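Values in this text are rule-based calculations from the coordinates and carry no lab data. What you are looking at is a predicted structure, and each value in this text was computed from that prediction instead of being measured. A quick note on method: Cβ atoms are made from the backbone with ideal geometry, for glycine too, and the neighbour counts reach across all protein chains shown.
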Amino acid sequence: MFSFENSLLAGNIYILIVLTTETITRETRVPLFIVFSIVSAAGLVLFLFIIWRSYVEKNRDPPDQLPPKKNVLKDIVVTLKVAASLLRTRNMLLLLITFAYTGKNKQTDNP
């Protein structure tokens, strides 16, 4: 979650430094597109490494030592109960303010 807010901060500081005029020209649009494309590609590569590592660890166990199957519905219910109990904690209630702030921003000026 904090990386999301950090990326907003870093991206906005970059835009503040790069955009010195009120209009976006081709000379500013192309470098912005290139920088944001590179950052997105780096994030995608990191995400693929996470998936690849998970796949390797999953396939490392021999088939005869697989854990027994669990009741999926029971696990879902337990997870939802834990999530609901976490929502009632002080820290999560404070985080909800941040979540609401970074949510979709409605503009009332434009129809």
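Quick rundown of the values:
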read-out: Approximate spin-label separation Ala41-Leu8, in nm, with each point projected 7 Å along Cα-to-Cβ; value: 2.8
read-out: Rounded FRET efficiency, nearest 0.05, which uses the C-beta distance separating Ile50 from Thr23 and R0 of 35 Å; value: 0.30
